[in-house]
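Enquirer: Below you will find the structure I want to go over with you.
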Amino acid sequence: MTARWLRDERVLAALVQLVVAAVVAAVGMWLVLGVLADLRARGIAPGFSFLGQTAGFGIGEGLAFQPTDSYGRALAVGLANTLRVAVAGIALATALGFVVALARLSHNPLLEGLARAFIDAMRNTPLSIQLVLWIGLLRTLPPITQAMALFPAAAATATAPDPPTAWLLLSLKGAAIAWPRPLPGAGGWLAAAAGAVAAGIAVRRWRSHVRDRTGAPAHHGVWTVAVLASSAALAWAVLGPPAAWDLPRVEGPFRYAGGYVTTPEFAALLFGLVVYTGAFIAEVVRSGIQSVGIGQREAARALGLTEGTVLRLVVLPQALRVIVPPMTNQYLNLTKNSSLAIIIGFPDLFSVGQTVGNQTGQVVAVVAIVMAVYLGISLLTSLVLNAYGRSVRLIER
Amino acid sequence: MRSRRSMPVLVMTLVLCTALLPLGACDNAGTEPAADVGGPAEMAADAITVSATAAALSDDEPPPAATSDGLLATVRARGTLRCGVQNELPGFGFLSPEGEYQGFDIDFCRAVAAAVLGDAEAVEFLPLTSQQRFTALQTGEVDVLIRNTTWTLSRDTTNGLDFGPTTFYDGQGMMVRSDLGVSELAGLGGASICVGAGTTTEKNLGDAMRSVGAEFTPVVLEDTAQVFSAYDEGRCDAVTSDKSQLAAQQTTLADPAAHVVLDVTMSKEPLGPAVLQGDAQWADVVNWVVFGIIAAEEFGITSTNIDEFMASEDPEIRRLLGLEDALGEGLGLANDFLVGTIRSVGNYGEIYDRNLGPDTTLDIPRGVNNLWTQGGLLYSPPFR
């Protein structure tokens, strides 16, 4: 007669799990130690202490980085570049995806045909080839000494700089856009902004209160805009402008001065990722919108709502439940696809990691770090989106 | 119930931690020699020792080199030599339009194959980018790396390589457009400079520009062709690489005459073959094949007149050609291993003239890449 506790289902399940865990741990340790032994046999001492050594190489763009900084800082700069591309890419790809999906669903045959062609072309060609095409396109721009000046600013005068500047300069070295440069009074503006936000919240509360009491329309939007505009006017009158426009210009034969400069590599990567992932997102959004029963749309129209309002208030909120999980996938894909930056010369995490691994010989350690970072970013993204998905999920009763 | 759901998560975390513990604990501190990868018991013992001694040990002991099976025997058994090479650098490693590998480094690959296998054509060429080349050698994908690789301390130690004799003494230079009117590095302040990823040039560029106090923006691209096409299209104002590479690639640009290589040498770049650390016999083989080729030029032995030298009475020449003293056996090769090599590939001078000489488009003057008797740096130890 076996003991009672051994016949307990939960105990047996726990025992099996423990055994499996032990086996997996043993296999894992055997692999890791094998790798360490192989590295030592080849004369490469494994470890992470190389992260503190001087890098000795430069990084083309991103956070400030000197060749005297450490390898660890180089990887951090690469990570910052990856995040910059990933965040901008996710935002723009989502916007593009929604627009293309709505075009795809429109009744206008030209619009629908264009959207369909775009989606098919972008989804069915490899991303690496698209990136090469984008960078090739951006290499046809003129050299910086003959930069294209779009929206030219004031012509050269006695006080203005010569050559004349513009709001947007385009050349082989990248794009330089006019960027606001905070003036000394900016701190006061932050306080004013905080005050305006507080006032806006208070006003919205008051309007909701009025609507609940008297039934008059709340006009939240109008009142919020009024509060913000009046606070801005007040702050402008008291403090003066918060920032001045820093117009870009070409300095010397080599570079831009002023404004915000983006390199063609960043632009090519961003455009490539946005267009590629945007096509996938368009299909996800389309499937989400089409998952909402036609009865919903018909009922809303019967109530007299316009197409736009139907989409905004009835269809999209229900479609979002279906859209969010595959959308998470696309966001993760975009983040990981950004590692293709190495083929066009953008210094993202993977590219910098390759250089570090090559110069130190610690390829295994660097690859482990890079993979761990990508894993962390992906887990964080899916965590946030899953939380959002749970909040819009339909709760069956 | 909360406990049921969180149990698998807990178990997985535990598993991951135990598996990764050795990796984190081992941090460039010396450990017990792990020469042979033993069974699970030894694995466990190793892990415990690693964790226990990681804190106790104070200074670094160099990791002991384990002996491998002998690459010479492996290459012989395989019947071909796997050589890691360039395929985009005219003059050094280049794939011709007919599909033939040609170049200075290619000829040295052929020389090693002729010495070891008796057939200069028994070579498998693997084209590698500068990022891939060391990993390919470390994993054993190639037997020898002859791909204009610079001999540096860190590559000799932390990358786990052993370098053969320098076959080409080069230096790092800078190429700019002639119409920029720049004649020295300081004139490139603020410029964008194209450079290949994972090369010594990347490191030296930072050092050199810092020493002249010029700021610059590096544009780092993966392979040589991309670097020079980006420069040609105007993405960068200058491109930096070994001077021999600059001269070679200048011939491939759209308008070679519009570019000029600055008269600045930014660093020493001794280029030579590399093998994996730990196989002394294979390293000796590669070393002495190269020395033999240099010595052949010293004695005036060429691929055309070698048969006359086979009848020579000079003891040094007789030893070089294996007619006396059985020197090849010490290397594990046939005594006359250099005869077939010189006959098929030629001596150093012939290899140089064929690929970089005045009859080629590159026409790089020999400079220090000449025999020590002619004022250069090529000096072979004696064959005895």
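The values are calculated or read from the model by the stated rules, or taken from the named source; none is laboratory data. What you are looking at is a predicted structure, and each value in this text was computed from that prediction instead of being measured. Because the Cβ atoms are built from the backbone with ideal geometry, glycine has one as well, and the counts that use them run over all protein chains shown.
Condition check ((1) aliphatic (A, V, I, L, M); (2) under 30 Å from B:R177 (Cα atoms)) across all residues:
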position: A:V222; (1), (2): yes, no
position: A:V227; (1), (2): yes, no
position: A:S230; (1), (2): no, no
position: A:W236; (1), (2): no, no
position: A:A244; (1), (2): yes, no
position: A:G252; (1), (2): no, yes
position: A:R255; (1), (2): no, yes
position: A:G259; (1), (2): no, yes
position: A:T263; (1), (2): no, yes
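Enquirer: Testing B:M175 on (1) in contact (Cβ under 8 Å) with a residue 40 or more places away in the chain; (2) in contact with an Asp or Glu (Cβ under 9 Å, 6 or more places away or on another chain); (3) outside the structural domain of B:Q281 (by TED's automatic domain parsing), one condition comes back false. Which one is that?
Expert: (2)
Enquirer: Please go through region A:50-61 and pick out each residue that is modelled with pLDDT of 85 or more and surrounded by fewer than 22 Cβ atoms within 10 Å (Cβ to Cβ).
Expert: Passing the criteria: A:F50, A:L51, A:G52, A:Q53, A:T54, A:E61.
Table: residues versus (1) part of a helix (DSSP H, G or I); (2) within 7 Å of chain B (Cβ to nearest Cβ); (3) on the phi > 0 side of the Ramachandran plot.
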site: A:D38; (1), (2), (3): yes, no, no
site: A:F57; (1), (2), (3): no, yes, no
site: A:L63; (1), (2), (3): no, no, no
site: A:T68; (1), (2), (3): no, no, no
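Enquirer: Is it the case that some residue within region B:201-218 is facing chain A (nearest Cβ under 9 Å), aliphatic (A, V, I, L, M), crowded, with 21+ Cβ neighbours inside 10 Å and at negative phi?
Expert: yes
Enquirer: Within region B:358-383, how many residues are touching a residue at least 12 places away in the same chain (Cβ under 8 Å), hydrophobic (A, V, I, L, M, F, W, C), in contact with a Phe, Trp or Tyr (Cβ under 6 Å, 6 or more places away or on another chain) and over 17 Å from B:F104 (Cα atoms)?
Expert: The number of residues fulfilling the criteria is 1.
Enquirer: Do we find that A:Y331 is modelled with pLDDT under 95, surrounded by 13 or more Cβ atoms within 10 Å (Cβ to Cβ) and of a type in the set (S, T, Y) in this structure?
Expert: Values: modelled with pLDDT under 95: no; surrounded by 13 or more Cβ atoms within 10 Å (Cβ to Cβ): yes; of a type in the set (S, T, Y): yes.
No.
Enquirer: Please enumerate the residues belonging to region A:40-54 that are part of a helix (DSSP H, G or I), more than 8 Å from every other protein chain (Cβ to nearest Cβ) and without any contact (Cβ under 8 Å) to a residue 24 or more places away in the chain.
Expert: Once the filter is applied, which keeps residues that are part of a helix (DSSP H, G or I), more than 8 Å from every other protein chain (Cβ to nearest Cβ) and without any contact (Cβ under 8 Å) to a residue 24 or more places away in the chain, region A:40-54 yields only A:G52.
Enquirer: Looking at A:V32, A:V16, A:V27, A:V23, which one is outside any loop (DSSP other than H, G, I, E, B) and either at the interface with another protein chain (Cβ under 7 Å from one of its Cβ atoms) or touching a Leu at 6+ places or on another chain (Cβ under 9 Å) (or both)? Working first, answer last.
Expert: Values: A:V16 fails: either at the interface with another protein chain (Cβ under 7 Å from one of its Cβ atoms) or touching a Leu at 6+ places or on another chain (Cβ under 9 Å) (or both); A:V27 fails: either at the interface with another protein chain (Cβ under 7 Å from one of its Cβ atoms) or touching a Leu at 6+ places or on another chain (Cβ under 9 Å) (or both); A:V23 fails: either at the interface with another protein chain (Cβ under 7 Å from one of its Cβ atoms) or touching a Leu at 6+ places or on another chain (Cβ under 9 Å) (or both).
Result: A:V32 is the single residue among A:V32, A:V16, A:V27, A:V23 that is outside any loop (DSSP other than H, G, I, E, B) and either at the interface with another protein chain (Cβ under 7 Å from one of its Cβ atoms) or touching a Leu at 6+ places or on another chain (Cβ under 9 Å) (or both).
Enquirer: Out of curiosity, is B:L221 under 15 Å from the mean Cα position of the chain (by Cα), facing chain A (nearest Cβ under 9 Å) and among the aliphatic types (A, V, I, L, M)? It would help to see each step written out before you state the result.
Expert: Numbers: under 15 Å from the mean Cα position of the chain (by Cα): no; facing chain A (nearest Cβ under 9 Å): yes; among the aliphatic types (A, V, I, L, M): yes.
For B:L221, the condition - under 15 Å from the mean Cα position of the chain (by Cα), facing chain A (nearest Cβ under 9 Å) and among the aliphatic types (A, V, I, L, M) - is not met.
Enquirer: Name the residue, out of B:S312, B:S303, that is polar (S, T, N, Q), in the same structural domain as B:L81 (by TED's automatic domain parsing), in contact with a Lys or Arg (Cβ under 6 Å, 6 or more places away or on another chain) and assigned to a loop (DSSP other than H, G, I, E, B). Spell out how you get there, then give the answer.
Expert: On the way: B:S312 fails: in contact with a Lys or Arg (Cβ under 6 Å, 6 or more places away or on another chain).
Answer to the selection: B:S303.
Enquirer: Let me ask you something else. So, in region B:214-234, exactly how many residues are within 22 Å of A:A74 (Cβ to Cβ) and without any contact (Cβ under 8 Å) to a residue 60 or more places away in the chain?
Expert: Filtering region B:214-234 for residues within 22 Å of A:A74 (Cβ to Cβ) gives B:214-223, B:226-227, B:230.
Narrowing further to those that are without any contact (Cβ under 8 Å) to a residue 60 or more places away in the chain: B:214-221, B:226-227, B:230.
Looking only at that region, the number is 11.
Enquirer: Also, I was wondering about something else. Of the residues A:V100, A:V85, A:V132, only one is modelled with pLDDT under 95, surrounded by 16 or more Cβ atoms within 10 Å (Cβ to Cβ) and either assigned by TED's automatic domain parsing to the domain that holds A:A319 or not in a helix (DSSP H, G or I) (or both); which?
Expert: Residue meeting the stated conditions: A:V132.
Enquirer: Separate question: Restricting to region B:91-100, name every residue that is within 17 Å of the chain's Cα centre (by Cα) and either surrounded by fewer than 24 Cβ atoms within 10 Å (Cβ to Cβ) or more than 12 Å from B:F125 (Cα to Cα) (or both). Give the steps one after another, and end with the answer.
Expert: So in region B:91-100, the residues within 17 Å of the chain's Cα centre (by Cα) come out as B:91-94.
Residues satisfying the conditions are B:G91, B:F92, B:F94.
Enquirer: Can you spot a residue in region A:105-113 that is farther than 30 Å from B:D207 by Cα, small (G, A, S), modelled with pLDDT of 95 or more and not in a loop (DSSP other than H, G, I, E, B)?
Expert: Pass one, region A:105-113, residues farther than 30 Å from B:D207 by Cα: A:105-113.
From what is left, the residues that are small (G, A, S) are A:106, A:113.
Of the ones still in play, those that are also modelled with pLDDT of 95 or more are A:113.
Add one more test, that the residue is not in a loop (DSSP other than H, G, I, E, B), and what stays is A:113.
Yes, region A:105-113 has at least one match.
Enquirer: Give me the pairs, please: first residue somewhere in region A:336-362 and more than 22 Å from B:I193 (Cβ to Cβ) and facing chain B (nearest Cβ under 9 Å), second residue anywhere and of a type in the set (S, T, N, Q) and outside any helix (DSSP H, G or I), beta-carbon distance under 9 Å, and either six or more positions apart or on two chains.
Expert: Pairs found: A:G357/B:Q131; A:T360/A:Q53; A:T360/B:T158; A:T360/B:N159; A:G361/B:T158; A:G361/B:N159; A:Q362/B:T158.
Yes or no, residue by residue, for (1) in contact with a strand residue (DSSP E or B) (Cβ under 9 Å, 6 or more places away or on another chain); (2) among the β-branched types (V, I, T):
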site: A:V322; (1), (2): no, yes
site: A:P325; (1), (2): no, no
site: A:Y331; (1), (2): no, no
site: A:T335; (1), (2): no, yes
site: A:N358; (1), (2): no, no
site: A:G361; (1), (2): yes, no
site: A:V364; (1), (2): no, yes
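Enquirer: Any residue at all in region B:127-144 that's more than 14 Å from chain A (Cβ to nearest Cβ), out of contact with any Cys (no Cβ under 9 Å at 6 or more places or on another chain) and small (G, A, S)?
Expert: no
Enquirer: Mind checking which pairs have a first residue in region B:146-167 that is part of a loop (DSSP other than H, G, I, E, B) and a second that is of a type in the set (K, R), Cβ under 8 Å, 6 or more apart or different chains?
Expert: B:G160/A:R42
Enquirer: When region B:276-330 is examined, which residues are found to be within 28 Å of B:F163 (Cβ to Cβ), aromatic (F, W, Y) and buried (at least 18 other Cβ atoms within 10 Å of the Cβ)?
Expert: B:W282, B:W288, B:F291
Enquirer: OK, next. Looking at (1) touching a helix residue (DSSP H, G or I) at 6+ places or on another chain (Cβ under 9 Å); (2) assigned to a helix (DSSP H, G or I), which one does B:N204 not meet, given that it meets all the others?
Expert: Going through (1) touching a helix residue (DSSP H, G or I) at 6+ places or on another chain (Cβ under 9 Å); (2) assigned to a helix (DSSP H, G or I) one by one, B:N204 breaks only (1).
Enquirer: If you check B:V275, B:V239, which single one turns out to be within 29 Å of B:Y379 (Cα to Cα), in a strand (DSSP E or B) and within 14 Å of chain A (Cβ to nearest Cβ)? Give the derivation first.
Expert: Numbers: B:V239 fails: within 29 Å of B:Y379 (Cα to Cα).
B:V275 is the lone residue from the list that is within 29 Å of B:Y379 (Cα to Cα), in a strand (DSSP E or B) and within 14 Å of chain A (Cβ to nearest Cβ).
Enquirer: Six or more apart or on different chains, Cβ under 6 Å: which pairs go from a residue in region A:129-150 that's under 15 Å from A:L168 (Cβ atoms) and touching a residue at least 12 places away in the same chain (Cβ under 8 Å) to one that's in a helix (DSSP H, G or I) and not aliphatic (A, V, I, L, M)? Could you list them?
Expert: That search, which allows pairs on different chains as well, returns A:L138/A:P264.
Enquirer: Hey, any hits in region B:249-268 for a residue that's more than 9 Å from chain A (Cβ to nearest Cβ), aliphatic (A, V, I, L, M) and surrounded by 23 or more Cβ atoms within 10 Å (Cβ to Cβ)?
Expert: Among the residues of region B:249-268, not one is more than 9 Å from chain A (Cβ to nearest Cβ), aliphatic (A, V, I, L, M) and surrounded by 23 or more Cβ atoms within 10 Å (Cβ to Cβ), which makes the answer no.
Yes or no, residue by residue, for (1) of a type in the set (D, E); (2) surrounded by 13 or more Cβ atoms within 10 Å (Cβ to Cβ); (3) farther than 30 Å from A:W167 by Cα:
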site	(1), (2), (3)
A:H209	no, no, yes
A:A216	no, no, yes
A:T224	no, yes, yes
A:S230	no, no, no
A:A237	no, no, no
A:P242	no, yes, no
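Enquirer: Quick check: anything in region A:70-81 buried (at least 21 other Cβ atoms within 10 Å of the Cβ) and not in a helix (DSSP H, G or I)?
Expert: no
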